[in-house]
Amino acid sequence: MPVSLIEVYNLLPRTNCKRCGTVCMGFAARLIAKEARPEDCPLLLEPEYSDNLRKLHEIIPATEKELTGLMIDDDRCTGCGICIVVCEENRLMNEEVLYGKGGRYEDELVLGIEEGKVRLLNANRCKRAFKPPEFCRACVDHCPAGAIDLVTP
């Protein structure tokens, strides 16, 4: 069910301070459109609004790109699987990945091959999505086709 503008607006400070660049109703619309993050409102970072910030994250979850910054170009991906093997989190989850065999269906891998292309299977397991995030470029640096790139989340 889509999030309503009023539901998001009611979780904002509703001061219309414009410190985020617009009034609260406009900011609510930007949040729904994924043009802004809740942290872009300075008032939401204050302790008195911590519950509101948590609720906003629940009703407007971050996308995989926002969590990790990974961009995968399907047109360039050859499905070689090198990124799967060099991912430290994948190797920790499955010994077979360590030996270059790939994971099993029940494994919670970060990256995997689906229909011949690499896919981000579990963004929350990516080191870049940790709290605090860890700097990691293994998949980007080892992709021979240049199909994986990083953007600022």
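Points to keep in mind about this one:
- Wholly within the stretch 93-153, strands (runs of 3 or more DSSP E) carrying at least 2 residues that are at positive phi and either in contact (Cβ under 8 Å) with a residue 60 or more places away in the chain or buried (at least 18 other Cβ atoms within 10 Å of the Cβ) (or both): none
- In the stretch 121-140, the residues that are out of contact with any strand residue (DSSP E or B) (no Cβ under 9 Å at 6 or more places or on another chain) and either under 16 Å from VAL86 (Cα atoms) or of a type in the set (Gly, Ala, Ser) (or both): ARG125, LYS127, ALA129, GLU134, PHE135, CYS136, ALA138
- In the stretch 119-136, the residues that are out of contact with any helix residue (DSSP H, G or I) (no Cβ under 9 Å at 6 or more places or on another chain) and closer than 14 Å to MET71 by Cα: ARG119, LEU121
- Meets criteria (within 27 Å of ARG37 (Cα to Cα) and in a helix (DSSP H, G or I)) for CYS83: no
- Apart from one condition, LEU53 fits all of (1) among the aliphatic types (A, V, I, L, M); (2) within 16 Å of the chain's Cα centre (by Cα); (3) not assigned by TED's automatic domain parsing to the domain that holds CYS139; the exception is (2).
- Selection of helices (runs of 4 or more DSSP H) fully inside the stretch 1-80 by the criterion of at least 3 residues being in contact with a helix residue (DSSP H, G or I) (Cβ under 6 Å, 6 or more places away or on another chain) and at pLDDT below 90 returns 64-68.
- Residues (closer than 18 Å to GLU58 by Cβ, surrounded by 15 or more Cβ atoms within 10 Å (Cβ to Cβ) and out of contact with any Leu (no Cβ under 8 Å at 6 or more places or on another chain)) located in the stretch 4-23: GLU7, TYR9
The values are calculated or read from the model by the stated rules, or taken from the named source; none is laboratory data. Source: prediction; values computed, not measured. Note that we place each Cβ from the backbone using ideal geometry, even for glycine, and neighbour counts take in every protein chain shown.
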